[in-house]
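Chemist: For reference, the structure I am asking about is given below.
The values are calculated or read from the model by the stated rules, or taken from the named source; none is laboratory data. This is a predicted model, so every value here is computed, not measured. In this analysis, Cβ positions are derived from the backbone assuming ideal geometry, glycine residues included, and neighbour counts consider all displayed protein chains. Accessible surface areas use protein heavy atoms only, side chains included; no ligands, DNA or RNA. Shrake-Rupley method; radii C 1.70, N 1.55, O 1.52, S 1.80 Å.
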Amino acid sequence: AQPEAAGEAPGPGHEDFRPRIVPYFRDPNKPYKKVLRTRYIQTELGFHERLFVAVLTSKATLNTLAVAVNKTVAHHFPRLLYFTGLRSAKVPHGMVLVAHGDERPIWLMYETMSYIHQHFGSDYDWFYIMQDDTYTQAEQVKALVTHLSINQDVYLGRAEEFIGGDEQARYCHGGFGYLVSRSLLLKLQPHLDSCRNEILSVRPDEWLGRCIIDFLGIPCVSQLQGQHYHTYELAKNTEPEKEEEEEFQAALAVHPVSDMTLMYRLHKQFSRIQLDRAYQEIQELQMQIRNLTALTPAGEAGTTWPVGINAPFLPKSRFEVISWDYFTEQHLFSCPDGSPKCELSGASKADVSEILESALEQLNRRYQPLLRFSKRQLLNGYRRFDPTRGMEYMLDLLLEAVTQKGHSHVLAKRVSLVRPLSKVEIIPMPYVTEATRVQLVLPLTVQDLDYVANFLDMFAMNTLDTHDNALLTLLFVYHPYDAQRVGQVDVFSGVKAMVGELEKRYADVKIPWISVKTEVPSQVKLMDIVSKKHPVDTLFFLASVWTEINMEFLNRCRMNAISNWQVFFPVHFQEFNPALVYRGEQTASSSTDFLRDGHFDRHSFAEACFYNSDYMTARTKLAADILDRDEVLESMEVFDVFLHYSGLHLFRAVEPGLVQKYALRSCNPRLSEELYHRCVLSNLEGLASRSHLAMALFEQEQANST
């Protein structure tokens with residue numbers, strides 16, 4: 001072949017991998033069609049999940065060994081299903097079981113492979129098949145598949161010779177588990193029926209191995225791409241705690257496991273082995289960090305404590321200083337309710353007890369056998385949460401130190417401890433979309449009439465004009481006196497006229513309203529009325545008259561409220577009183593001042609996103625608890641109903657998409673003391689910031705002095 005001359009275009013054997021921009025072209029003769037994009041880029045690019053695990057179980061072991069597998073290793077795998085030949089089997093708690101209805105071993109294997117291909121063949125790259133009498137090191141298996149190429153047909157496990165066969169081909173022993181790649185599963189599927197009819201075998205793992213070899217020509221291997229599939233065969237009456245062989249410690253799978261107790265003992269032993277390896281690796285990494293830090297310009301002084309943990313947060317101003325909370329063994333001097341002193345209990349008490357125990361353990365580990373320490377008293381305790389590294393503690397301990405000769409001495413010693421932040425995990429959540437219709441519910445009282453016009457204007461502009469999938473229901477709350485005079489003077493006539501104008505402007509829009517007569521507008525009682533008039537699958541957004549609706553927040557409402565899983569209580573941003581903040585100056589309107597002159601109102605629970613079915617379930621439990629004492633509802637909000645009677649996740653988060661203009665709320669004294677106090681605090685904290693209030697007081701004193 002002649003070399004190409006310089007400057008010539010590459011030949012067919014030379015691909016040019018330089019990127020090039022493909023210009024967008026739309027045929028003007030064809031109608032425009034909106035392109036629907038997937039929500040996640042992973043879906044659009046066709047990415048697959050990494051590993052699917054199938055556990056073969058039986059009638060005799062479903063409630064014993066299968067349960068032991070579920071309690072030891074199942075939660076380490078991203079997806080695990082149990083397969084059995086039982087018909088209508090009773091499923092133990094926390095397990096997902098697929099029953100094929102035929103207990104013949106070969107038939108069970110055939111049905112399992114077909115089921116995996118049909119339901120998960122396009123979603124996962126690797127498929128791990130194991131028996132319930134196998135103990136598997138889940139983390140090791142997950143690490144194994146990350147080092148294997150998905151482009152090859154893989155049949156990996158403990159290679160065994162066929163019974164009575166002298167050929168070189170091997171099958172993977174089912175007792176030790178085996179790994180099958182997605183590409184091999186796709187190629188195998190068309191031949192499963194032929195294998196079932198033509199191949200005779202007693203063992204299901206032999207049958208599958210023969211099927212793969214006969215139709216695909218791929219034997220089982222125990223080593224591939226530099227990765228070894230280590231296994232260990234347990235002898236009878238084996239004691240896992242005494243197994244120190246390297247083969248045992250390196251095993252990915254151990255077989256046979258005869259009972260549940262042995263499964264738990266194996267899990268404990270392998271967990272201890274992994275923990276020891278982790279501690280050893282941490283020590284080696286810390287030594288490397290010390291050696292490398294000594295070579296930096298800062299020298300050994302640049303080493304942080306503990307080695308390998310982020311350095312403490314350095315505040316840039318006094319406002320960023322993280323304060324320490326003082327505690328003793330009995331009391332905490334920084335309480336959630338704002339009181340100066342409260343009893344140490346619950347999680348805080350367990351935290352302090354664990355820290356004291358850990359401090360003594362570390363001291364004895366460092367100074368034994370020369371000294372042995374015992375705690376007499378905690379003199380002072382301090383703790384703070386540093387978001388860059390974790391929870392920090394300082395303890396002043398009164399200790400009794402005993403020497404090897406039995407001499408004792410009492411001394412005070414200060415120790416510092418850090419509970420570092422662990423690995424961040426993504427909590428799996430049900431899949432939701434932004435196409436759900438949102439039903440807005442707006443309760444209105446006479447005091448809210450001045451703000452209704454702005455609410456309806458924002459609703460029309462941000463939802464009706466944009467054709468967002470949202471509806472509105474108004475709830476008119478009449479005082480008994482106003483309800484008697486509604487025939488002569490309707491206090492909500494102006495609002496009804498505005499609604500009529502909106503319905504004329506938008507012909508396909510209907511805004512219904514519900515009239516309620518009550519002296520105490522309890523949020524729960526009002527929601528009871530609305531709930532009964534809507535389907536159970538309705539997604540409610542409980543709004544307030546000061547809420548400015550926008551599409552950004554409605555989408556977050558759809559994403560954060562998950563039926564039978566989670567409810568969403570956003571914390572809106574409350575703007576300060578402009579008379580105090582600007583004091584006659586022009587209001588700032590640039591984008592750089594967004595969310596500046598205000599605060600997130602943590603005292604308000606007026607806005608909420610939840611499904612009607614979840615509310616009805618929680619409300620039923622509440623009704624059974626309070627019986628006929630309806631007056632209890634006046635002291636509760638919807639938030640309290642979900643908090644105490646639902647068992648769902650309550651997602652409470654700041655919401656920059658909900659911005660409310662300043663308004664002095666009217667606090668109903670007929671409500672409970674807690675709700676009234678919360679309303680008053682919301683009004684007071686919503687006046688202005690401390691600096692603005694200080695400036696206003698200063699100017700007032702200056703004016704009075706002159």
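Chemist: Setting aside same-chain residues fewer than 8 positions from residue 59, which lysines have a Cα under 16 Å from its Cα?
Modeler: Cα-Cα hits under 16 Å: 90.
Chemist: Let me ask something additional. Within 13 Å, Cβ to Cβ, of residue 125, how many net charges do the neighbouring residues add up to if Lys/Arg are +1 and Asp/Glu are -1?
Modeler: For residues surrounding residue 125, the net value is +1.
Chemist: To continue, here is another question. Using the Cα centre as the reference, give the magnitude of the dipole from point charges on the C-beta atoms of the stretch 305-410 (Lys, Arg: +1; Asp, Glu: -1; all else neutral), rounded to the nearest 20 debye.
Modeler: For this selection, approximately 400 debye.
Chemist: If you don't mind, there's one more thing I want to ask. At a 1.4 Å probe radius, carbon and sulfur cover how many percent of the accessible area of the chain?
Modeler: 53
Chemist: Still on this structure, please answer the following. Projecting each Cα onto the charge dipole of the chain (Lys/Arg +1, Asp/Glu -1 at the beta carbon, about the Cα centre), which of 84, 555, 526 comes out farthest on the positive side?
Modeler: 526
Chemist: When you count, for each residue, the other Cβ atoms within 10 Å and take the mean per peptide, how do 343-356, 397-410, 259-272 rank with the highest first?
Modeler: 259-272, 343-356, 397-410
Chemist: Shifting gears a bit: To the nearest 0.05, what FRET efficiency results for residue 87 and residue 115 with a Förster distance of 22 Å applied to their C-beta separation?
Modeler: Between residue 87 and residue 115 the formula returns 0.90.
Chemist: On average, how much accessible surface per residue is there in the chain, in Å², for a 1.4 Å probe, leaving out ligands, DNA and RNA?
Modeler: That works out to 59 Å² per residue.
Chemist: With charges only on Cβ, +1 for K and R and -1 for D and E, what is the dipole size of the chain about its Cα centre, in debye, rounded to 20?
Modeler: 680
Chemist: Also, I was wondering about something else. Please work out whether the stretch 311-465 counts as rounded, prolate or oblate from its C-alpha gyration tensor, where a ≥ b ≥ c are the square roots of the eigenvalues and a/c under 1.5 means rounded, while otherwise a/b larger than b/c means prolate and anything else oblate? Before the final figure, lay out each step's value.
Modeler: Numbers: a/c = 3.45, a/b = 2.66, b/c = 1.30.
Prolate.
Chemist: Assign unit charges at the C-beta atoms only (+1 for Lys and Arg, -1 for Asp and Glu), then state the dipole size of the stretch 44-229 relative to its Cα centre in Debye, rounded to the nearest 20.
Modeler: With Lys and Arg at +1 and Asp and Glu at -1, about 500 debye.
Chemist: Straight-line reach from residue 504: which lysines fall under 17 Å, measuring Cα to Cα and dropping same-chain residues less than 8 apart?
Modeler: In chain and number order, the partners are 496.
Chemist: If you average 1/r over all unlike Cα pairs in the stretch 44-229 and invert the result, what Kirkwood radius do you get in angstrom?
Modeler: About 16.7 Å for the stretch 44-229.
Chemist: Still on this structure: For the stretch 224-320, which GluC sites (Glu not before Pro) are in a loop by DSSP, counting at most 15 other Cβ atoms within 10 Å?
Modeler: When the GluC sites (Glu not before Pro) of the stretch 224-320 are filtered for loop state and at most 15 Cβ neighbours within 10 Å, 244, 245 remain.
Chemist: Next question, about the same structure. Any chance you could check the Cα centroid distance between the stretch 141-202 and the stretch 594-650 for me, in angstrom?
Modeler: The stretch 141-202 and the stretch 594-650 have Cα centres spaced 54 Å from each other.
Chemist: So, one more: In the structure shown, do any of 510/532; 349/405; 532/661; 268/423 have a Cα-Cα gap over 24 Å, and if so which?
Modeler: From the list (510/532; 349/405; 532/661; 268/423), the Cα-Cα distance tops 24 Å for 349/405; 532/661.
Chemist: Would you please give the FRET efficiency between residue 239 and residue 279, computed as 1/(1 + (r/R0)^6) with r the Cβ-Cβ distance and R0 = 22 Å, to the nearest 0.05?
Modeler: Computed FRET efficiency for residue 239 and residue 279: 0.40.
Chemist: Using only DSSP helix segments of four residues or longer, with each worth -39500 (n - 2.57), what per-residue ellipticity at 222 nm results for the chain after dividing by its residue count and rounding to 500?
Modeler: Counting only the DSSP helices, I get -10000 deg cm²/dmol.
Chemist: Bin width 10 Å, alpha-carbon pairs only: give the P(r) of the chain as whole percents, running from 0 to the bin holding the largest distance.
Modeler: 2, 9, 14, 16, 18, 18, 13, 7, 2, 0, 0, 0
Chemist: Cβ neighbours within 10 Å, averaged per peptide: list 212-218, 555-561 in order, most packed at the top.
Modeler: Result, highest mean first: 555-561, 212-218.
Chemist: So for the chain, taking the charge dipole from beta-carbon charges (+1 Lys/Arg, -1 Asp/Glu), which of 117, 489, 291 sits furthest toward the positive end?
Modeler: Most positive-ward Cα: 489.
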